[in-house]
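First comes the structure, then the notes that go with it.
The values are calculated or read from the model by the stated rules, or taken from the named source; none is laboratory data. Just so you know, these numbers come straight off a predicted model, no measurement behind them. Counting neighbours? That spans all protein chains shown, and the Cβs are built from the backbone with ideal geometry, glycine included.
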């Protein structure tokens, strides 16, 4: 699979992902990877409608996404993989996904999270997962849309006193 973007976004698929990212990267498919979304028929149905016909959206659990990634049938597929949490990235990596970088696009505020950037809030568990991803030599950067600049996640976490 030709991964055009590996993104963390707690909303999974929405206009920024389906239109801005998919269009600018020439993606043919978006894999919304979430065990909870894959097991919630209403949420799954709503996510499947977000592609707008331009790009095909698939909603998969983490283990199934890893199997699809390894399947030679999909070797030429130009895809964006979007997960809800950095913990999901760690699980995908443990299941064999290879990545050079991770886009941290948006993680909404929840009780017990700290603000990292305008659109990113992280819990202590998220920070531990970011540290694990970093320990594997994978660059993580904050960027909401393709037209804005990127900022390196790890120095940002350190400057906020989260590492």
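Structure above, values below:
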item: Residues of the stretch 15-30 satisfying the condition of being over 12 Å from residue 146 (Cβ atoms), at pLDDT 90 or above and either over 14 Å from the mean Cα position of the chain (by Cα) or in a loop (DSSP other than H, G, I, E, B) (or both); result: 28
item: Search result, residues across the stretch 66-77 that are within 14 Å of residue 32 (Cα to Cα) and in contact with a strand residue (DSSP E or B) (Cβ under 7 Å, 6 or more places away or on another chain); result: 68
item: Residue 76, sole failed condition from (1) within 15 Å of the chain's Cα centre (by Cα); (2) farther than 23 Å from residue 144 by Cβ; result: (1)
item: Candidates 149, 161, 137, 106, filtered to the one that is free of Cβ contacts under 8 Å to residues at least 12 places away in the same chain and within 17 Å of residue 17 (Cα to Cα); result: 149
item: Test: residue in the stretch 36-48 that is assigned to a helix (DSSP H, G or I), under 14 Å from residue 84 (Cα atoms) and out of contact with any strand residue (DSSP E or B) (no Cβ under 9 Å at 6 or more places or on another chain); result: yes
item: Single condition residue 36 does not satisfy, out of (1) closer than 16 Å to residue 89 by Cβ; (2) surrounded by 15 or more Cβ atoms within 10 Å (Cβ to Cβ); result: (2)
